[in-house]
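See structure below.
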Amino acid sequence: MQYHLNKKNSGKLIKLAIEQIHKIEIVELDKNVFSDFDKVIENNINLFKKFFLEGLLEISELEGFKEEIDEFYQIVISDLKDHPKVINHYDFESRNLMSLSEKKLGVLDFQDALISPLGIDLASIFKDLYRQWTKEELDDWLNYYVNNSHIAKKFSLRDAEVKKMIDLASLQRQVRILGKLSQVYLELKRPERLRDFKTILNYLINTSSEYKETKKYSNLFKRLIPILDQRLKAL
């Protein structure tokens, strides 16, 4: 779907994607089938520090960053643990979605699916790495999700509550992606995703600034922008 998504069809295709999330999130939370989010939490932040901060950005004086990053991440994870638990695909980007017809969408690559907090898959499409959505589009899709979600009805969730869940889940997601893609670049010499890094970092800056519990960490990520720019020019 990544290469077929445009301004004319995005409204329809994103709602089809949300319908797939509605189906995935009500699958039974069977720990014999799906791994648990708790098992990947520490690894995700370790990848961020080792491969993004140390490996890619080459920040030698890491301790100041480390302490603030750890504080930020713990705040995010603490919030996520209060979200309803559902099945998340865990890589629900448009590149893993396939348009089968005007009314059908297929989902690829379920190997990373997890029992995890509501909002993670929604964050993948709301904070798309390949295009920016308008506030009107996001509000419409958020309302569509909430009005048609069994989970939202079960927990009596309102649009504003789900928006915050998506935003906090996106902060965890961006940290994870920066760490993982830095590892892919450093170990496999694959530079094609480096162009997404500034978009990801800007999502961290802008989203963290929206909430009082994460607002002060927005400046932390702003400090990384010139370092990232310098490193990308040198590669």
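Among the residues of segment 142-158, the one identified as open to solvent by less than 50 Å² (accessible area, probe 1.4 Å) and either among the charged types (D, E, K, R) or touching a strand residue (DSSP E or B) at 6+ places or on another chain (Cβ under 7 Å) (or both) is 151.
For segment 130-143, state whether one or more residues are of a type in the set (Val, Ile, Thr) and more than 16 Å from the chain's Cα centre (by Cα). Yes - at least one qualifying residue is present in segment 130-143.
Considered as a group, the residues in segment 80-104 that are under 12 Å from the mean Cα position of the chain (by Cα) and assigned to a loop (DSSP other than H, G, I, E, B) include one that is surrounded by the most Cβ atoms within 10 Å (Cβ to Cβ), and that residue is 89.
Each row is one residue, and each column tells you yes or no for (1) at pLDDT below 95; (2) assigned to a loop (DSSP other than H, G, I, E, B); (3) in contact with a helix residue (DSSP H, G or I) (Cβ under 7 Å, 6 or more places away or on another chain).
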| residue | (1), (2), (3) |
| --- | --- |
| 153 | no, no, no |
| 157 | no, yes, yes |
| 162 | no, no, yes |
| 170 | no, no, yes |
| 175 | no, no, yes |
| 178 | no, no, yes |
| 183 | no, no, yes |
| 190 | yes, yes, yes |
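Number of residues in segment 172-191 that are under 26 Å from residue 220 (Cα atoms) and without any contact (Cβ under 8 Å) to a residue 12 or more places away in the chain: the value is 1. Candidates in segment 3-23 are the residues that are part of a loop (DSSP other than H, G, I, E, B) and touching a residue at least 40 places away in the same chain (Cβ under 8 Å); of these, the one that is most open to solvent (accessible area, probe 1.4 Å) is 4.
Tally time: how many residues in segment 24-74 are open to solvent by 70 Å² or more (accessible area, probe 1.4 Å), within 16 Å of residue 88 (Cβ to Cβ) and over 19 Å from the mean Cα position of the chain (by Cα)? Residues in segment 24-74 being open to solvent by 70 Å² or more (accessible area, probe 1.4 Å), within 16 Å of residue 88 (Cβ to Cβ) and over 19 Å from the mean Cα position of the chain (by Cα): 5 in total.
Within segment 161-180, being in contact with a Leu (Cβ under 9 Å, 6 or more places away or on another chain) and open to solvent by 30 Å² or more (accessible area, probe 1.4 Å) holds for 163, 176, 180. Criterion applied to 121, 139 was being farther than 20 Å from residue 59 by Cα, acidic (Asp, Glu), modelled with pLDDT of 95 or more and open to solvent by 10 Å² or more (accessible area, probe 1.4 Å), and the one residue passing it is 139. Looking across segment 194-214, just one residue is among the small types (Gly, Ala, Ser) and assigned to a helix (DSSP H, G or I), and that is 208.
Of the residues 121, 128, the single one that is among the acidic types (Asp, Glu), outside any helix (DSSP H, G or I) and under 24 Å from residue 23 (Cα atoms) is 128. Within the span defined as segment 51-58, one or more residues are modelled with pLDDT under 95 and farther than 26 Å from residue 130 by Cβ. Checked against the criterion of being more than 12 Å from the chain's Cα centre (by Cα), closer than 24 Å to residue 89 by Cβ and without any contact (Cβ under 8 Å) to a residue 40 or more places away in the chain, segment 161-171 contains one or more residues that satisfy it. Summed over segment 198-208, the residues that are free of Cβ contacts under 8 Å to residues at least 60 places away in the same chain and farther than 11 Å from residue 175 by Cβ give a count of 4.
Of the residues making up segment 81-119, those that are more than 20 Å from residue 149 (Cα to Cα), without any contact (Cβ under 8 Å) to a residue 24 or more places away in the chain and not aliphatic (A, V, I, L, M) are 96, 101, 109, 110, 111, 112.
The values are calculated or read from the model by the stated rules, or taken from the named source; none is laboratory data. All of these numbers come straight from a predicted model, not from anything done at the bench. Here the Cβ is made from the backbone with ideal geometry for all residues, glycine too, and neighbour counts use every protein chain on show. Note: accessible area is taken over every heavy atom of the protein model, side chains too, but ligands, DNA and RNA are not part of it. Shrake-Rupley method; radii C 1.70, N 1.55, O 1.52, S 1.80 Å.
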